[in-house]
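Notes follow once the structure below has been shown.
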Amino acid sequence: MEYEAVIGLEIHVELQTDSKIFCGCSTAFGAEPNTNCCPGCLGLPGTLPLLNRRAVEYGVLAALALNCQVQEKSIFARKNYFYPDLPKAYQISQDDYPLARGGYLEIDLPEGSRRINLQRAHLEEEAGKLVHAGDSIMSAAYSLVDYNRAGVPLLEIVTEPEITSGREARLFLEELRRLLRYTGVSDVKMEEGSLRCDANLSLRPAGSSELGTRTEVKNLNSFRAVEQALNYEAERQARILAGGGEVIQATCHWDDSCKATVVMRMKEGAADYRYFPEPDLPPLLLERSYIEALKEKLPELPRQKRQRLRERYGLDDEEAAIIADTREMADFFECAAESYQDHRNLANWVQGDLIYQLREAGKEIEQISPALLVELLEMLDRGEINRPVAKELLEEMVKSGASPRRLVKKRGLGKISGTEELAPLVEQVITENPEAAENYRRGKKKALAFLVGKVMALTRGRADPQELNRLFKEKL
Amino acid sequence: MAADEAIGEREMDELAELACLYLEPAEKKMLNRRLNALMELLGKIGEVETGGVEPDIHPGILPPRFREDEVEPSLSPGRVFQNSAHRSDSFFRVPSIAGEGPGGA
Amino acid sequence: MKLYEMTALELSRLLGKKEVSAVEVTQSFLERTGSVEPQVQAYITQTPEIALAAAEMVDKQRARGEALSPLAGVPLAVKDNICTGGVRTTCASRFMEEYIPPTDATVVMKARRAGMPLLGKTNLDEFAMGSSTENSAFFPTRNPWDLQRVPGGSSGGSAAAVAAGMAPLALGTDTGGSVRQPAAFCGLVGLRPTYGRVSRAGLVPLASSLDQAGPLALTTADAALLLSLIAGEDRLDPTSSAAPVDDYTGALSQGVRGLKVGLLAEHLPPEFDSEIIAAVRRAAAALEKNGAIVEEHAMPHISSSLEVYYLLCAAEASSNLGRFDGLRYGRSESAENVTAMYSRARGEGFGPEVKRRILLGTAVLRESRYERYFLQAQRVRALIRRDFEDAFSRFDLLLGAVTPSTAFKLGEKIEDPLAIYRGDICILPGPLAGVPSIALPAGTVSGGLPVGVQLTAAPFNERVLFRAAHLLEQERGGRPLRPQPAPPAL
């Protein structure tokens, strides 16, 4: 039988506020353990949660960007369980009354675009961090607890179970990351844990609408891991079903080094979190006008941006996708495009050489002035420099931020086209390569290219090849 | 109280586990008895007609109160560990957590 | 009259006129404590050095002519579930025996800033769970009126300290009557403010949606002074109210003419002590005589308060007490794994009443019971609140009893917690609706024990409570009710 996978994602995004969601402790990454802690972070009795206005604002912005219905009334709830990273033995989260309901995100697949619907998005607090002695949690004799992360604001986004493959899940997450970066509410780094993803996966006969037994897949620490783990898990379940077996509801752990999901033993009885409304916090009431005002503040989002780049500048899908990958890149492009009319050429340089040089130099696009790239391309278009020089200049420009025109002047990198300068070089090359000169005289056209190449090498590509052709023909 | 609402031995164990309470067997029995007596008393709440009534979380509706996103000083390490017997350098140290709890958000 | 026999207001006047020093006042209470504390056992921790240092500071400030709070130099006892920075805060629990909070609760900070010398931390039922102070993990406190009897609870230590002359004022907490019931048992004025009137920051929580701190005092004027000091918005408590703080002291002498008073029929059932019912009726008559209009009033849902209160309180408490795991603070156990470490610390650190309520709360929050117990209780809570709203659309005040009987004997009811729970029927409805109530002495009964009556007002209308309570106090002679004759042991 053919099976299809039914996948739902639960995504946690750390919101990039300065202070924690319920207290004034810093959210800065990488501080000494347990130094960003106040009585509240330690769960000392008598401390109360003080809701961070910006955390709510960022949550609402993200929800609006995801087309969710932001609720005028949402209620914080306690999720009760004991674990050393949870200082109060409950996590303040939202249950029956989340910040936002519904919503969707469209992803682009080769076969067309697809809308992935969302169930909800809600605010909650991050737990602390556990460091296990030894290799893993299972074998560790003890663990160390750091509460610096406890209380960092999180937005949990839950999709409907309608993703069908690891690849779709990955594309969804990549588009989600792009969107959230556009809104500026999170730095969304999977490697640093500010974007995390758990997945539920079950199989069903292709075309059927019933749902099979699902497993939860955890420890997905990169986009690649998401894709690989879900594909692996789908195959694992398919093998079980094909063999007449039954999938057991369980939590699986993705082992990235073995490239396999490992079924974790479940504790007897399902978790019982005893959710109830958080009595320490009044319901979160947001006025419609507040929500509308935040909607106004939303920037143009990636999908609209890509479309506009295609329509306005004539870019193709791939160019638009690369340039609209970040808001900053797109801003750079559009700023440059204002004063530089050959948009396709501009796009070509930006998506190719410029991005390559940025990566090499470890720089961000915001550090480069669009005017400099325009200056460079104009010099190239006017024939003041040739292509290899332009690439060399771009590298230098990215590294130092220097103006290409100045660089040309300073280093004498301009094109050499004067007869006085070129004639002695032509003489020299003919003298040094008598055989080639003779061959040309005998009518071998190829020999000319060889001789021109020699001069080009001497001038490091700066000589004007047309002028050289003329001079060689004259001499020989 | 319907018989199925009484807390049996098995549920007592579950409750003790959920509440993270070690109970001596005799203590567990005694608490179980008292708990069931209480549940019987409190079960009467079901007799009150509450159709269409919104549950009260607080006494009345309070306006939401926000804190501005400003960093305030944290506790000094001395204060952080002042009351703990489980300090290990700059961490709190716990014994093995293998196979425990749900873990994490 | 000795200094320790004076009211806070009397002390405040003497201090203001520099007729006594704050150190002398403090010393008087410390000496009195030295002689009666062995019998009463009101304090878990005494802090004479801190008290004297604060008193000295106040005397210096006064000598320099600085503007001081009326309560500067008037000592204070604080219930031991209210955090005091640098002073251990045990909640009368073995689990918290050595816990030292890093900071003061907001109410304590306000008192210290006002120059009130902190005499010590008073006994309570463990984590405020109980109404006799017999659930203290350390020792029971005795009622200064009769040492064989309980002072009430859970703020029994605070009440006993004030009644015995060991403190002129004390702070208690009232979740389901824990200020008012001991006030009634000890012949004091006990005020539970409107939910949100006084900051909860630094109160070790029992039930977050019900907890309020309030004063235990000898007179209404003393209670008004302390409430004026501790009331107000607090940025550390998201449920504290921004409503302006009224002039409570100014309200005292305004009388009751024209006030409409509802006499609560539910508080006068035949199973109550007839002398208590008589005291309530006497109070009604006194109000009427002074120009109030009194009518009997019934509230259909308050008979369910007991169930609602115990369900909600246990549910919230089961969650609030989860943080006590022994890792970051509290009773420390070593074990082979985390679960064993936590459950041993909790199993050995908590007393039976605490365990019972945690288990009850855990049970009613489980998915299988949530709807029928917890959510149903929240719905009935809403109905009770509506009963109060209806009542306050007709009346300015509600008058009733505090307790069905006078203070009972130690050990008398400890074996029958349900009987104790039933005793709370008059004091539970108010907290569920968040309304303010005051318990005040209404004289003594034939056994020589004090009885109290209770007044309840609409949210943030503490002023009207003070008007009526002060009038009733004047009718009774205007003096604090003191154990008469003082028990021989004292």
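The values are calculated or read from the model by the stated rules, or taken from the named source; none is laboratory data. No experiment lies behind these values; they were computed from the predicted model shown. No Cβ is skipped: glycine too gets one built from the backbone with ideal geometry, and neighbour counts run over all protein chains shown.
A few comments on the model shown:
- Lone unmet requirement of (1) crowded, with 18+ Cβ neighbours inside 10 Å; (2) more than 14 Å from chain C (Cβ to nearest Cβ); (3) of a type outside the set (S, T, N, Q) for A:Pro279: (2)
- Flag for A:Ala206 being in contact with a Phe, Trp or Tyr (Cβ under 8 Å, 6 or more places away or on another chain), surrounded by fewer than 21 Cβ atoms within 10 Å (Cβ to Cβ) and more than 19 Å from A:Trp254 (Cβ to Cβ): yes
- Cβ-Cβ under 9 Å pairs, at least 6 apart or on other chains, the stretch C:377-402 side in a loop (DSSP other than H, G, I, E, B), far side of a type in the set (Phe, Trp, Tyr): C:Val402/C:Phe185
- All of (1) under 30 Å from B:Glu49 (Cα atoms); (2) more than 8 Å from chain A (Cβ to nearest Cβ) hold for C:Glu367 with one exception: (2).
- Single residue of C:Ala170, C:Ala159 found to be more than 14 Å from every other protein chain (Cβ to nearest Cβ), modelled with pLDDT of 95 or more and not in a helix (DSSP H, G or I): C:Ala170
- Annotation note: Cβ proximity below 6 Å between a residue of the stretch A:34-46 that is at negative phi and more than 7 Å from every other protein chain (Cβ to nearest Cβ) and a residue that is modelled with pLDDT of 95 or more and crowded, with 23+ Cβ neighbours inside 10 Å (sequence gap 6+ or interchain) occurs for A:Gly40/A:Cys23; A:Gly40/A:Thr47; A:Cys41/A:Cys25; A:Cys41/A:Tyr147; A:Cys41/A:Ala150; A:Cys41/A:Gly151.
- Inclusion of C:Leu14 among residues that are free of Cβ contacts under 8 Å to residues at least 12 places away in the same chain and either over 20 Å from the mean Cα position of the chain (by Cα) or surrounded by fewer than 17 Cβ atoms within 10 Å (Cβ to Cβ) (or both) is warranted.
- Residue list for the stretch A:348-373, filter: assigned to a loop (DSSP other than H, G, I, E, B) and of a type in the set (A, V, I, L, M, F, W, C): A:Ile368
- Looking at A:Leu144, A:Leu105, just one residue is at pLDDT 95 or above, touching a Lys or Arg at 6+ places or on another chain (Cβ under 7 Å) and either hydroxyl-bearing (Ser, Thr, Tyr) or assigned by TED's automatic domain parsing to the domain that holds A:Glu233 (or both), and that residue is A:Leu144.
- Here the condition is being under 17 Å from C:Gln41 (Cβ atoms) and free of Cβ contacts under 8 Å to residues at least 60 places away in the same chain; of C:Pro215, C:Pro151, C:Pro182, it holds for C:Pro182 alone.
- The sole residue among A:Lys415, A:Lys409 that is buried (at least 20 other Cβ atoms within 10 Å of the Cβ) and not polar (S, T, N, Q) is A:Lys415.
- Matching helices (runs of 4 or more DSSP H) fully within chain B where at least 3 residues are modelled with pLDDT of 95 or more and either facing chain C (nearest Cβ under 7 Å) or over 30 Å from C:Arg385 (Cβ atoms) (or both): B:9-18, B:25-42
- Residue under evaluation A:Leu105, criteria (1) away from chain C (no Cβ under 14 Å); (2) over 21 Å from the mean Cα position of the chain (by Cα); (3) aliphatic (A, V, I, L, M), criterion not met: (2)
- Hits in the stretch A:394-410 (condition: modelled with pLDDT of 90 or more and hydrophobic (A, V, I, L, M, F, W, C)): A:Leu394, A:Met397, A:Val398
- The strands (runs of 3 or more DSSP E) falling completely within the stretch A:51-123 that include 2 or more residues that are polar (S, T, N, Q) map to A:90-94.
- Of all residues in the stretch C:222-244, those that are under 18 Å from C:Ser437 (Cβ atoms) and either among the hydrophobic types (A, V, I, L, M, F, W, C) or not in a helix (DSSP H, G or I) (or both) total 8.
- Considering only residues in the stretch C:332-347 that are assigned to a helix (DSSP H, G or I) and more than 7 Å from every other protein chain (Cβ to nearest Cβ), the one that is nearest to the chain's Cα centre (by Cα) turns out to be C:Ala345.
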